[in-house]
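For reference, the structure is listed below as structure tokens.
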Amino acid sequence: MTAVARLEGVGFVYPDGTRALAGVALELREGERVGIVGQNGSGKSTLVRQLNGLLRPTEGRVTLFGRDTAGVHVAELARTVGLAFQNPDRQIFAASVRSEVAFGARNLGRRGAELDRAVQAALEAVGLEGEAATNPYDLGYSRRKLLALASILAMETPVVVLDEPTTGQDARGVERIQRIVGSLGETGRTVITISHDMRFVAESFQRVIVMRAGRVILDGPPVTVFAAEHAGALASTFLEAPLAARLGERLGLGTTPSESALLDALAAR
Amino acid sequence: MSEAIVVNAVNDAPPTPALLLDGVRYGYAGTRRWVLDGVNLEVAAGRVLGIVGPNEAGKSTLCLVAAGLAPAAIGGRLEGDVLLGGLSTRDANPHQMAQRAGILFQNPVTQLSATAPTVYEEVAFGPRNLGLAVDEIADRVEHALGALRIEALGPRDPMRLSGGQAQLVALASVVALRPPVLVLDEPTSQLDPAGTRLVGEALAGLAAATATAIVVVEHKTWLLADLADACALVADGRVVVHGATADVLADDRLVELGVEPPPAVRLRRAAAVRGVALDSAVVDAVAAARLAADPDTVEPVP
Amino acid sequence: MRGWSGPLGMLAIVLAIALAARLGRAMRPYLLATLPLVISILLVNTFLYPGATDRILTLGPVSATWTGLAEALQATARVVAFALSVALLALTTAIDDLLDDLEHRGLGRRTIFVIGSAIRTVPRMIERAGEIVDAQRARGLDTEGSVWRRARGVVPLAGPMVLSALSEVEERTMALEARAFSAPGRRTTLRPLPDRPAERALRWGLFLAAVVLVGLSVSGRFPLP
């Protein structure tokens, strides 16, 4: 698979001297679904901001499709990387749901029928197609969050980064986000998601990156990262494998990070 | 904690619940819709009631009504009775309510007064408003910070905290008022798993040590499974199911209404659907196994 | 012409205090901040002072006059003296202590709250503005390009700032009520400020001096600016 983004020896120190990243080396591939987990303050948000140039590495370098991002404007990098922030209220300004969703795509130069199609597809993905004319602030927080997500989807970037998309969502909202992540992966786009929800990560992502104190301490498929042998490393940053994985180990079924893997293993026994 | 905290508005007959909602309907000012439409709930001193429900079911409104802020502070139409320690919220001033019920909003940033140069003084804001003695304030602030293990944040600027830290500080600032009833709207939404567990332990400790009645709205049902004595499933402004936590969280209507059940319930349900045998006792034992990590093992970045 | 004694006297006092408090360097930015105003005062008064005829030199349609120059220098001295007194207050007084003490002396808690939160909220606002800029840049808003391109970003940047502030007002109000903000009686002062007799005497002395000076000035005996 093609390398979409590559981080080489990336370190980052904030202007106040706080180190947030140290020696991060990663290669993110086309169509890959990557979940990033770790405690608050472990460097997850700082890491994803290196991808679209909102923060620039103070050591090492970041390349997108082989091109060094140094010196490239954020507005230009936004053609490749769409980043949905945690708090939707830091971006919503438009008078209608439709124009809010169109904002990013418009900035990338889409117009007319192409823009309408992208906006409509994004609205349908998050289930807000019936609210196109609604004022965003008349939606509750959980739906404003889906609106912010739609505005990134409409940009149709090859890389989509989601910072804690499931907070404040009920089970239906989480399922919807799982479907969106799945279909993005199917169309060959790379999805990177920060989350605290281990079940969501184990079920929806092919690759899990665990961060602690600015470093990547584990990187692999859920079946490896959530295996019993790594329980200590996870615990060192106050995380634990999802229940299905722990139960599988307990029942001697090997590592079964997702519910379906556990049930398959049980059925096969 | 000192004796003074146990002072509870409930000092007459034992059956008086700390919080009682009786046939409550509520609609915001300027609207015609009933956001709460016939809610009956009660919480006894020292008990924890978990509230679950789909998005936009009326949970946040329920918090405002239970804490006496709606209608006292924001108007609106209230039918039925909301009693805090036997006193109807209709008859009291907002500041009287503040001593009977503390509330934590979803967004911790709006909760901070923005007048204090340090977290310590931010937490002292409420007690100072009550005109308490300096020693008493110091005692309350230190207990509140200690209960949430954020003593180290004491000297920090409250305007320069992360979302998770702000959430813990906002919670401490409510706890410092030592209200007999505590209403919390998604107190862990910005916290990582470790922070969430910490809040759960602090709340359980608070309920046990100070007989505080706690109402907590949570999406993380696994937290309620450990913490809550009872749960209520709310949808469309009504209480759909109300009962012991284990029963409510295992109720089919939870899933039907779009609420994520705790992992153990989910797995058992999925196994039943697939027709695979799964020993419930083992599931519960594994789910209940505590994370055994030493808080001091996290190494700093070299 | 209004006289030199006022502004120069004030300047001398402020500078003496600043030097004694070793604040000379810290006051430099305040001095720089007056520069645009000072330059325009110098130019306008020197060249355009109405009715002055004592020319120094003529540049096309306008002439510089001695009267104008003297007036300009006086006005400059007044502006600088004023700016430096403000700087002195800002640099020597902890705003929290000032507010605490004013409250202790009976200023209403609402007034204190409004002043205090306005000052304290500044870093939060700056941080929030930064988050908004980041969120819109991540959606392709060009904030690094030409002035024209950047000007188009005003609404997407100002919008969330205003909208989120508005949507938070009600919650903020409720949060204050829930923390007993409207409770009757006096709030507790956490850090009573020490007030030594000498400080007290000095304050009263300065207050009396101000009254006397204003009196003299108003009566026309000792005209101050």
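The values are calculated or read from the model by the stated rules, or taken from the named source; none is laboratory data. All values reported here derive from a predicted model rather than from experimental measurement. Here the Cβ positions follow ideal geometry from the backbone for every residue, glycine too, while neighbour counts run over all protein chains shown. In case anyone asks, the SASA skips ligands and DNA or RNA and just uses the protein heavy atoms, side chains included. Shrake-Rupley method; radii C 1.70, N 1.55, O 1.52, S 1.80 Å.
Assorted remarks:
- Computed [θ] at 222 nm, helices only, for chain B once each DSSP H run of length n ≥ 4 contributes -39500 (n - 2.57): -11000 deg cm²/dmol
- Relative contact order (percent, whole number), segment C:97-178, Cα cutoff 8 Å, 6+ residue spacing: 20
- Neighbourhood net charge (15 Å Cβ-Cβ; Lys/Arg +1, Asp/Glu -1) for B:LEU112: +1
- Among C:VAL214, C:LEU31, C:LEU190 - extreme Cα towards positive end, dipole of chain C, charges at beta-carbon: C:VAL214
- Cα extents of segment A:138-215 along the three principal axes, largest first (Å): 40, 25, 23
- Segment C:5-92: proportion of alpha-carbon pairs further apart than 20 angstrom, %: 43
- Counting, for every residue in B:186-196, the Cβ atoms of other protein chains within 10 Å of its Cβ and taking the mean gives 5.
- Taking packing as the residue-averaged number of other Cβ atoms within 10 angstrom, the listed peptides B:118-127, A:116-125, B:32-41 run from highest to lowest as B:118-127, A:116-125, B:32-41.
- Binned Cα-Cα distance frequencies in segment C:97-178 - 10 Å width, integer %: 15, 34, 26, 16, 9, 1
- When peptides B:224-231, A:133-140 are ranked by their average number of other Cβ atoms within 10 Å per residue, the highest-first order is B:224-231, A:133-140.
- Per-peptide packing, taken as the mean over residues of other Cβ atoms within 10 Å, places B:170-176, A:86-92, C:76-82 in the sequence B:170-176, A:86-92, C:76-82 from highest down.
- Bridges between two residues of the protein assembly as shown, per DSSP, are antiparallel at a rate of about 55%.
- Taking Lys and Arg as +1 and Asp and Glu as -1, the other residues whose beta-carbon sits under 9 Å from that of A:ALA102 total +1.
- Expressed as a fraction of 2.2 N^0.38 Å, the C-alpha radius of gyration for chain C is 1.44.
- Within the assembled protein chains, the solvent-accessible surface assigned to B:VAL255 is about 60 Å², based on a 1.4 Å probe.
- Peptide B:54-65, shielding by other chains (average Cβ, 10 Å cutoff): 3
- Normalised per residue, the volume of the convex hull around the Cα set of the protein assembly as shown (Å³): 221
- With semi-axes defined as the square roots of five times the eigenvalues of the C-alpha gyration tensor, the equivalent ellipsoid of segment A:1-120 measures 28, 18, 14 Å, largest first.
- Average beta carbon contacts from partner chains per residue of C:126-135, 10 Å cutoff: 5
- Net charge, B:ALA72 excluded, C-beta distance under 12 Å - Lys, Arg +1, Asp, Glu -1: 0
- Length-normalised contact order of chain C in % [C-alpha pairs under 8 Å, at least 6 apart]: 22
- Around the Cα centre of the protein assembly as shown, unit charges on the Cβ atoms of Lys, Arg, Asp and Glu (plus for the first two, minus for the last two) sum to a dipole of about 2520 debye.
- C-alpha center-to-center spacing [segment B:230-267, segment A:220-236] in angstrom: 31
- Among C:ARG191, C:ARG221, the sequence by solvent-accessible area, most first, with a 1.4 Å probe is C:ARG221, C:ARG191.
- Probe 1.4 Å - accessible area at A:TYR141, Å² to nearest ten: 80
- Accessible area ranking (1.4 Å probe, heavy atoms, ligands and nucleic acids excluded), largest first, for C:LEU8, A:LEU243: C:LEU8, A:LEU243.
- Dipole of chain A [Lys/Arg +1, Asp/Glu -1 at C-beta], most positive-end residue of A:ALA122, A:MET155, A:LEU21: A:LEU21
- Surface accessible to a 1.4 Å probe, B:ILE150 within the full protein complex, Å²: 10
- Cβ charges +1 (Lys, Arg) and -1 (Asp, Glu), total dipole of chain C, debye: 260
- Between segment C:39-108 and segment A:142-166, the Cα center-to-center distance that results, in Å: 53
- Cα-centre dipole for segment C:97-178 with unit charges at Cβ (Lys and Arg positive, Asp and Glu negative), debye to 20: 380
- Ranking A:GLY252, A:GLY60, A:ILE92 by Cα position along the charge dipole of chain A, where only Lys, Arg, Asp and Glu carry charges on their C-beta atoms, puts A:GLY60 farthest toward the positive end.
- FRET efficiency, C:ARG28 to C:ARG221 (Cβ-Cβ, R0 45 Å, nearest 0.05): 0.75
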